Structure formats: C-alpha cells, structure tokens
Amino acid sequence: MPTVSMTVNGKSVSAEVEPRTLLVQYLREHLGLTGTHVGCDTSQCGACVVHVDGESAKSCTMLAMQAEGSDVSTIEGLADGDTLHPMQEAFRENHGLQCGFCTPGMVMSAVDLVRTNADPSEQEVREWLEGNLCRCTGYHNIVKSILAGAKAMQG
Amino acid sequence: MTDTGIGASVRRVEDKRFLTGRGNYTDDIDQHGQAYAWMLRSPHAHARLNNVDTAAAASAPGVIAIFTGADMAADEVGGLPCGWQIHNKDGSPMNEPAHPPLAVDKVRHVGDQVAVVIAETKAQARDAAELIAVDYDVLPAAIDMNAALAGASAVHDDVPDNMCFDWEIGDKDATETAFSGAAHVISIDVVNNRLIPNAMEPRAAIAHHDSSTGHYTLHTTTQNPHVIRLLMGAFVLQIPEHKLRIVSHDVGGGFGSKISHYAEEAILTWASAKVTQPIKWVAERSESFMTDAHGRDHETHAELAMDADGNFTGLRVATKANIGAYLSTFGSSVPTYLYATLMAGVYTTPAIYCEVKTVFTNTVPVDAYRGAGRPECTYLLERLVNKAARETGIDPVEIRRKNMIQADQFPYQTPVALQYDVGDYPTAFNTALQAADYEGFAQRRAESESNGKQRGIGISTYIEACGIAPSAVAGALGARAGLYESAQVRVHPTGSVTVYTGTHSHGQGHETTFAQLVSESFGIPADQVEVSHGDTGEVQFGMGTYGSRSLAVGGPAILKACNKVIDKAKKIAAHILEASEADIEFTDGVFRVSGTDREMAFGEVSLAAYVPHNYPIEEIEPGLDENAFYDPLNFSFPAGCHICEVEVDPDTGVIDIANFTAVDDVGRVVNPMIVEGQVHGGVAQGIGQALLEGCVYDDAGQLLTGSYMDYTMPRADDLPNLNVGTQSVMGASNPLEVKGVGEVGAIGSPPAVINAILDALAPLGVDDISMPATPSKVWQAIQNA
Ligand code: FES
Ligand code: FES
C-alpha cells in the first residue's frame, strides 16, 4: 500500500493507505478526526468540507493521495484552544445549528467565503452555500451567523 | 434568581461540541476489533427470491460471515412489528403481513435487504457482496395506488387486493344530510406528494454481543431508544431488556424518519451474537434514499358543503394513502388518527366524514415525516377553503373568519373525535395578517405587474394535535403501548443536577431547554444542570421524541420530579433548621424558615442529603434523586396562520418567495431562540414540499429520485428570510402550559405557498397546480390555461 503524508491541523501525519481511500476516510478513520462528516455519496451536501492549502474542498471528493504534501485543516483545528473562532462563535450566538451534522462543513465553508469576500451580502452568502445542505435550520440562522461571523472576522 | 429559566433565549449547551467537531454521532464511534457490514439489497421492486448463492462471496478476502433471510428464519427471528393497530370499517383488524428483517421468499421494494456480508473492512464487505449470486423471478410491480387496489400485483400473497385497511371516521349520515341541503358544494382533488425525509446524518448502527455475560449493546441513530429496545427485544429477537442496551447519542436530524425500528438494527444485533466481533454499518446516502421510511403520499377527493351565507356545513373526504411495501412502526397511525382527526381544522364545520384506504405498494414503507398526517390534512383543508372562496366570491380572509372557532367556544368538541382544549384562532389570524401587511398587498401586486411579474398572496390556517401521549386516548385509538414519559432528576451532593429524560434530542436543543426547566424550578443557573438522554443503560424508560411531544410530555415529567426533590429537600431543611416543614419556603434556590433569616442554600441541603451528620434518618432516606412519570390528559393543540407572498415570472415559471410570515400559537415558550429555529426549519421543509421536493418511482418501481442530483433539497438560495412570531394562549393540557413546536412549520406552510401561487396565476386562468410547483410545471400550467 502506498504511503501518504500531509499536514493536518498543523501536525505532520503519514500513513499507508489503500489507494482508493478518500481524504475524508483518511481523516475520520485513520486520524480519528470525526468532526468532518459524510452526508452523501454524490458530492452535494458539503458535510465533509475541510480546507486544503487554505481553500475549502469536499474531502469526500478527493483521494487522500491527492492531498499528498498538502496543508489540511479541519473543524477540529479551527478554534484557538478553548476560544472559538469568530465564525464558530457567530454560529453559537445566532443559533446557526440544530442537529450539528452539517455544521462543521458549513463553518469551514463560511470561513473560506470570508477569505475570498470579506464583506459578503446576504445573497452572496446564500449563493456561496450552494454546496452545503442543511435539513434543520432552513438556513435563516446560518445566513445570519455567517454575516455576523464575517463582521467579527474583520475585527 | 436565575436568568436562565423559562423564557430566556439561553445559548445552547450542545453547540460547543458540535462547533468544534466533537459531536458523538454513531458513525464517530469505533469499537475495538469491529467488523463492518454491507447490506446486499434488491435491485428489483418485486421479485420472488429463489436462491441466494453466497459461496463465492464467503471465500472473498476479509469475509467473516454472510447471512440471509433463511438463516434468520432458522433462528425463528420475528418480523418487524407495527405499533398501531387500525380496524377496518367492518371492525376487522388491518392486514399485517410479515416483515422479515432479511427477505425470505420475496423482495418487495428496491433496497429490500437480501443478505448481510460481514467483513474485516467496509470495502471488503462491499466487494464480497458483489459476488453473491441471487436468482430472482421478477414479478410485476404494484406502484400506482389505484393499480395496486385493482389487484395489479399482490405485494403480499396473503393480501391479494393490496388493501392494508379501509378505515373511516365521523358521522356519515349527518354528513350526507348536510350535503343534501347545501347551497354550494365545492370539490377538489389533491395529491400530497411523497417526500424523502433526508436527515443529513445517514442511518448507522454498531452492535456488540458479549458472550460472557449475554449482553447486547446496539448504538443506533434512533429518535426513541427505549422503543427500539422494547420492539426489537420483545418482538423480533427475544432478548430480555436487562441484556439489551440501546445507545443513541448525537443524532444528526430525524424528522420522523428515525422513529421506525429498522431491519438493519435487528440484523446487526442478531448477527453480533453469531460472530465474535462488534459489527458496524453505516448507510450510504443512496441507501438512505431507498430504505429510510418516506413521508406523505396521499391522493384525496374532498367536498365541502356550504350554506347560502358561506358557512361550512359539511365535509366529505376520501383518501388513498400509500403505506409502501410493509407496515412500518407508526405507518398505520399517520394517515388515520394523525390525519383525519384534524379535519375540522380551526373551523366550526359541524358534520365531517372521512374514509381512508391504505394501500400496499412495491415502494419503501411510508411512515411519519415532520407533521405526519397533519400537513396532509392542512393542505387539503386550506386548498379547499381557498377554492370555496374563489367559487363563491367570498374573500379568502372573510371566509376563514366567518367559519373560525371563536375564543369563547373552548373546550371545543370536533365531529372527528378530538376535543380542542384552548385557543384563540382569530387573534393569531389577525396578528399574521398584520405581520404580513396584508392590507398593503394590492399595492405590491401592482408594482410587480408593472415589472411584468404575477404576484399572489396565500393564507393557510392550521391546527395540529401533538404532545403524543395521552396514553388512554392513544390506546383507545389503537396504539399498542401507552405513551407517557419519564424523568429522573438527580441532585448531586454539592447541588449540581443531572436530568435523565426518556425523550431524545436530535437537533431540538433539549440539553438547553430542559436545563432551563430545572434552572427555573430550583433557582440555580442552567449550567449547573446536565441533561442525559439516548441511553437505555442510563435512562429508566421513555417513549422518545416525535409528534412534538418532548417538552409537552417529557417536560412535565421533569417538573414533577423537581417538585418531588423540593418536597424532600424541605423536610431535610426543616429538620436542620429546627422548624416545622410547613414553615419552610423555597424561593430563588434558598430554603428559608418563613418570617426569619434562618436559611439554607440549595447546595447545603443537597450536601446534607448525601453526607449527613444531622439527619432525620428515621423519617426519610438520605439522597436527593427522584423519578417521575407523566401522562397528559389530552393532546396539546398548537395552531396558527402562515401567509406566503410570491412573485411568479410568467415567462419562465420561476417562483420567488417575496415574504413568508408565520404566526404560531405554541403555548408557553421556554427558549424563544430555539422556538424560532424550530419554526424556520419546519417552514423550510414545507416550502421544500410545495416547490421542490417529490419522490418519483417509475412503473417498474425504480426510484428515479435516488440522490441529491435527482431529489431537490432546499438550498440556501431557494429560501427567503422568514418572518416568524408567536401569539400564544397558554396550553391547558399540561402544567408547563406548552404545546409543541417541532412540526408547526411543516404543517402550516405548504398550502400557504400553493395558495399564493394560485392567487398569482388566477388572472392567467390557472386554477390548479400540484406540489412540487416547479418552474416547468408552472410554465406548463400557464401555457395550458
Ligand atoms: S459528503 Fe456530501 S459532499 Fe462530501
Ligand atoms: S443543523 Fe442539522 S443538518 Fe444543519
């Protein structure tokens, strides 16, 4: 089996994996980072969104080997110790989550939105979330959270 | 005094773990040495199962065991039971054909389990499953309900006409009389589209058997762990409860789709005693589409009789409800007692008769989906009322006002079994009209028209019965178990509290709301309270979460247990403070001898209860840990009004929801932030049903909408911001005065959306549209008009 190496949440990791191993499987099953979820098998729900070299990516839609040498961050790496990232805090404050299953992907996706668009409009947030499904919230409070999180991230 | 009690928008306790990726969903759990299961599923909707040859698969790499229906049958494993018995018009019981967890002689829907492969890895299990050779004799499929009733093909050989039951409610003769004297008769045909619930977390399970003790543990994604223990233990696998533990920690959404006892739970638990390893199974989304219980799927013809003044005098309803290939756990209650008992709506219609034919088809079982029966009823009524307004020329607001039950008419006995306890429908109705600026609509319509758009406004009122219990009523209506709820309130020595509840949280925020109840009761901050749910090894008993019952039935159980704690604590405080018990008052977390400054804090009394030096041991036992069971006397009856405003582009059929207003009476609100969130979520699912979602099987029973590429889930840019508010009359059926909020959004919203579209398209001559009202359907309707 080939060996794959990458940095995940700041730590270098390396493992032998079956070539067909998806990045999400590697994160969840090999590294125990179960905050990244799997909600579909057609690359549509976004529960699996992580950052690969700073950009959001669906970890169900790439092989672990495609992330060879990359810098990967997951929801577990977002908070600073016990202090939530401003986007996480905004979701908490604005009730942007219910069952929490879509949440890691939503938050990681939202952080990437703000990276590319520091001051998004409501419509831009809604369009950005095209690849993230939530069945619980009706998106109302997710959108509100992301707008608040974007503001907070500007400090 | 605490500011985390009833009425505070306390931020949720559960959020930190979810936001940091530390939730504990079933798929996040791994057990030492676990094996993986893959279900081989039928590719056919209907086929005789001749031979399942597992020889090649059994010798594939990593395979530990393969089991088929014959293996389970040899162990005399029981069928999956249905929890609600319905009787036919003639009094005979419904048809209840066998539902083996692994198919035995026939497969009855695409996705039916044929074999389970257990292997060292999931990939190996899946690879091996492809080597199983199944000899099927494909049979014609019964998909369309009418064809099925005509005997197209018998889903179950012992039910040749595919009729599960033919049921009725109401007074047929009185209704006929109302129609014979009617000035107007309005009739309508509606289809309530079949939906696929799609909780974002796919179902999963891990079973483990300890042969040294005979214990079984099943982690599963369920909304009601004790119900699964009861059904699976007693009826399917004959495992006594002290040897069977069901654990359901964090669950990623349910909406009713995770209340059923599913085959995979029984298959894994049974198989775990055959192999010596724990077994894990996680559904892929494609499996969820074809095996999670679906929702709705009704065809209805209804007629409304009116007098010359526009008063409703009679309602006659005939519904066909698709039950799918098998009777699921609550499947039979949904199109009957959760549906037709609400046919009065918020109106004074004096005579109602409804009959429901429930039909087996070669599709996935249909069971509860958010609202379960009540959205189907509300959709029918509110479409019919709007049609009546249009045909008689009475304004849609006026026709509703005229026929609405008034605030001084409670308790109100409907002609279809229910007695509404309290309510004030006209006030909520007026509040909604104001919140939606109904008055200003004409101007907005004119503006839209000047931009070449069609604008419409649609109203829907609704009532629902929820808070399921009450056990005696449910029992009389066919429930095979009482539906009370239990709670245990354990005060620890230094005054913090653990609450054990038999309800289950899968997004509703019980860990927060229930902590608020205790905070209010004991006068301690909510962060001193932890809520435990979802583990039959910890919680004494419970009936789980569905039918908006958690706060209405589980909440009072907690309150009752808290009161028992306070009663006992008063005795302890009286002893230590050397006062009579009658002189002890308890306010804001302090026990005080009335009229004095002698007092003990809550934590001092709890400490005295556990590690006493000075204790009335002859009179009371140490400890501060109380149980309670609660069963309400009646359902609770949330009600409200939803108003939708749409703008339709007549050139493309694209619908834009310009405004959506919901005013709901949910009784007392414990956490307003959570209540709003529940309404948002429900409304989104209702708008999804109205505009986007629809399950489609082809004639051969293949599921055409089996992925997110084919089944349209509402996305962020499909939905508007929602204007939601509450206008409550305190509930009367439980001491917390709550009514329930989980389902209201999904119940009230679909007819508001469709009525708005029809209002927009009326000037173009369109008078009917079915759900989901997709752009192509709208465009076609405009072309055909
Ligand atoms: S798991 Fe659904 S998009 Fe990745
Ligand atoms: S919070 Fe449950 S899916 Fe988004």
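Being crowded, with 17+ Cβ neighbours inside 10 Å and not hydrophobic (A, V, I, L, M, F, W, C) holds for only one residue in B:Pro411, B:Pro415, and it is B:Pro415.
Condition test on A:Ala64, is it within 19 Å of A:Ser12 (Cβ to Cβ), more than 10 Å from every other protein chain (Cβ to nearest Cβ) and more than 16 Å from ligand 2 (Cβ to nearest atom)? When the stated conditions are applied, A:Ala64 passes them.
Results for (1) more than 14 Å from every other protein chain (Cβ to nearest Cβ); (2) closer than 26 Å to B:Leu327 by Cβ, shown as yes or no for each residue.
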{"residue": "B:Ile196", "(1), (2)": "no, yes"}
{"residue": "B:Asp210", "(1), (2)": "yes, no"}
{"residue": "B:Asn224", "(1), (2)": "yes, yes"}
{"residue": "B:Leu231", "(1), (2)": "yes, yes"}
{"residue": "B:Lys258", "(1), (2)": "no, yes"}
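Return a yes/no flag: does region B:249-257 have any residue that is touching a helix residue (DSSP H, G or I) at 6+ places or on another chain (Cβ under 6 Å) and outside the structural domain of B:Gly507 (by TED's automatic domain parsing). So far as region B:249-257 goes, no, none of its residues is touching a helix residue (DSSP H, G or I) at 6+ places or on another chain (Cβ under 6 Å) and outside the structural domain of B:Gly507 (by TED's automatic domain parsing).
Please verify whether region B:249-260 includes one or more residues that are touching a residue at least 40 places away in the same chain (Cβ under 8 Å), surrounded by fewer than 24 Cβ atoms within 10 Å (Cβ to Cβ), closer than 30 Å to A:Cys136 by Cα and within 24 Å of the chain's Cα centre (by Cα). There is at least one residue in region B:249-260 that is touching a residue at least 40 places away in the same chain (Cβ under 8 Å), surrounded by fewer than 24 Cβ atoms within 10 Å (Cβ to Cβ), closer than 30 Å to A:Cys136 by Cα and within 24 Å of the chain's Cα centre (by Cα).
When A:Ala150 is tested against (1) at the interface with chain B (Cβ under 7 Å from one of its Cβ atoms); (2) farther than 28 Å from B:Val251 by Cα, just one condition goes unmet, and that condition is (1). Taken over region A:130-141, the residue count meeting the criterion of being without any contact (Cβ under 8 Å) to a residue 24 or more places away in the chain and open to solvent by less than 10 Å² (accessible area, probe 1.4 Å) is 2.
Here region A:28-49 is the region considered, the condition is being of a type in the set (A, V, I, L, M, F, W, C) and within 10 Å of another protein chain (Cβ to nearest Cβ), and the residue that is surrounded by the fewest Cβ atoms within 10 Å (Cβ to Cβ) is A:Val38. Within region B:687-733, the set of residues being within 25 Å of B:Asp437 (Cβ to Cβ), part of a loop (DSSP other than H, G, I, E, B) and more than 8 Å from chain A (Cβ to nearest Cβ) comprises B:Pro720, B:Gln727, B:Ser728, B:Val729.
Okay, residues lined up against (1) open to solvent by 20 Å² or more (accessible area, probe 1.4 Å); (2) in contact with a Lys or Arg (Cβ under 8 Å, 6 or more places away or on another chain); (3) of a type in the set (D, E, K, R); (4) touching a residue at least 60 places away in the same chain (Cβ under 8 Å):
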residue	(1), (2), (3), (4)
B:Ser728	yes, yes, no, yes
B:Ala732	yes, no, no, yes
B:Val738	no, yes, no, yes
B:Val741	yes, no, no, yes
B:Asp768	yes, no, yes, no
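Which residue, of B:Ser519, B:Ser505, is assigned by TED's automatic domain parsing to the domain that holds B:Ile572 and assigned to a helix (DSSP H, G or I)? The match here is B:Ser519.
Got at least one residue in region B:701-721 being within 22 Å of the chain's Cα centre (by Cα), open to solvent by 30 Å² or more (accessible area, probe 1.4 Å) and touching a residue at least 12 places away in the same chain (Cβ under 8 Å)? There is at least one residue in region B:701-721 that is within 22 Å of the chain's Cα centre (by Cα), open to solvent by 30 Å² or more (accessible area, probe 1.4 Å) and touching a residue at least 12 places away in the same chain (Cβ under 8 Å).
Residue count for region A:1-39 under the criterion of being within 12 Å of the chain's Cα centre (by Cα), within 11 Å of ligand 1 (Cβ to nearest atom) and touching a residue at least 60 places away in the same chain (Cβ under 8 Å): the result is 2. Here is a check on your reading of the model: is B:Ala582 of a type in the set (Gly, Ala, Ser) and open to solvent by 70 Å² or more (accessible area, probe 1.4 Å)? Yes. In region A:40-56, the residues that are in contact (Cβ under 8 Å) with a residue 60 or more places away in the chain form no Cβ pair under 9 Å with any partner that is more than 13 Å from ligand 1 (Cβ to nearest atom) and of a type in the set (Phe, Trp, Tyr), whether six or more places apart or across chains. Could you please let me know if B:Pro396 is of a type outside the set (Val, Ile, Thr), in contact with a helix residue (DSSP H, G or I) (Cβ under 6 Å, 6 or more places away or on another chain) and open to solvent by 30 Å² or more (accessible area, probe 1.4 Å)? Spelling it out, B:Pro396 is indeed of a type outside the set (Val, Ile, Thr), in contact with a helix residue (DSSP H, G or I) (Cβ under 6 Å, 6 or more places away or on another chain) and open to solvent by 30 Å² or more (accessible area, probe 1.4 Å). Being hydrophobic (A, V, I, L, M, F, W, C) and more than 24 Å from B:Val675 (Cα to Cα) is a condition met by no residue of region A:135-148. Please work out if B:Ala344 is farther than 30 Å from B:Glu265 by Cβ, open to solvent by less than 10 Å² (accessible area, probe 1.4 Å), touching a Phe, Trp or Tyr at 6+ places or on another chain (Cβ under 9 Å) and in a loop (DSSP other than H, G, I, E, B). In short, yes. Residues satisfying the criterion are absent from region B:9-21 (criterion: over 29 Å from B:Thr221 (Cα atoms) and within 14 Å of chain A (Cβ to nearest Cβ)).
Here is a check on your reading of the model: is B:Asn734 assigned by TED's automatic domain parsing to the domain that holds B:Ala432 and over 29 Å from B:His294 (Cβ atoms)? So B:Asn734 fits the description; yes. Of the numbered criteria (1) crowded, with 18+ Cβ neighbours inside 10 Å; (2) in contact with a Lys or Arg (Cβ under 7 Å, 6 or more places away or on another chain), the one B:Asp137 fails is (1). Could you say whether any residue in region A:75-92 is in the same structural domain as A:Val125 (by TED's automatic domain parsing), surrounded by fewer than 21 Cβ atoms within 10 Å (Cβ to Cβ), within 17 Å of the chain's Cα centre (by Cα) and within 16 Å of ligand 2 (Cβ to nearest atom)? Yes, region A:75-92 contains at least one residue that is in the same structural domain as A:Val125 (by TED's automatic domain parsing), surrounded by fewer than 21 Cβ atoms within 10 Å (Cβ to Cβ), within 17 Å of the chain's Cα centre (by Cα) and within 16 Å of ligand 2 (Cβ to nearest atom).
Could you check region B:675-686 and list, in sequence order, the residues that are among the β-branched types (Val, Ile, Thr), open to solvent by less than 10 Å² (accessible area, probe 1.4 Å) and more than 7 Å from every other protein chain (Cβ to nearest Cβ)? Of everything in region B:675-686, just one residue is among the β-branched types (Val, Ile, Thr), open to solvent by less than 10 Å² (accessible area, probe 1.4 Å) and more than 7 Å from every other protein chain (Cβ to nearest Cβ), namely B:Val679. When restricted to residues that are open to solvent by 30 Å² or more (accessible area, probe 1.4 Å), over 30 Å from B:Leu477 (Cα atoms) and not in a strand (DSSP E or B), region B:610-641 contains 10. I'd like the full set of residues that are in contact with a helix residue (DSSP H, G or I) (Cβ under 7 Å, 6 or more places away or on another chain) and at pLDDT 95 or above, limited to region B:476-491. B:Ala487, B:Gln488, B:Val489, B:Val491, listed by residue number.
Among residues of region A:50-61 being away from chain B (no Cβ under 14 Å) and small (Gly, Ala, Ser), the one that is farthest from ligand 2 (Cβ to nearest atom) is A:Gly54. Looking across B:Ala321, B:Ala263, B:Ala293, one residue alone is farther than 16 Å from B:Ile228 by Cβ and hydrophobic (A, V, I, L, M, F, W, C). It is B:Ala321. Evaluated against (1) facing chain B (nearest Cβ under 8 Å); (2) crowded, with 22+ Cβ neighbours inside 10 Å, A:Gly96 falls short on exactly one condition, (1).
The values are calculated or read from the model by the stated rules, or taken from the named source; none is laboratory data. Remember, predicted model here, so these are calculated numbers, not experimental data. For neighbour counting, all protein chains shown are included, and Cβ atoms are generated from backbone atoms with ideal geometry for every residue, glycine included. Just so you know, the surface numbers come from the protein's heavy atoms only, side chains and all, with ligands and any DNA or RNA stripped out. Shrake-Rupley method; radii C 1.70, N 1.55, O 1.52, S 1.80 Å.
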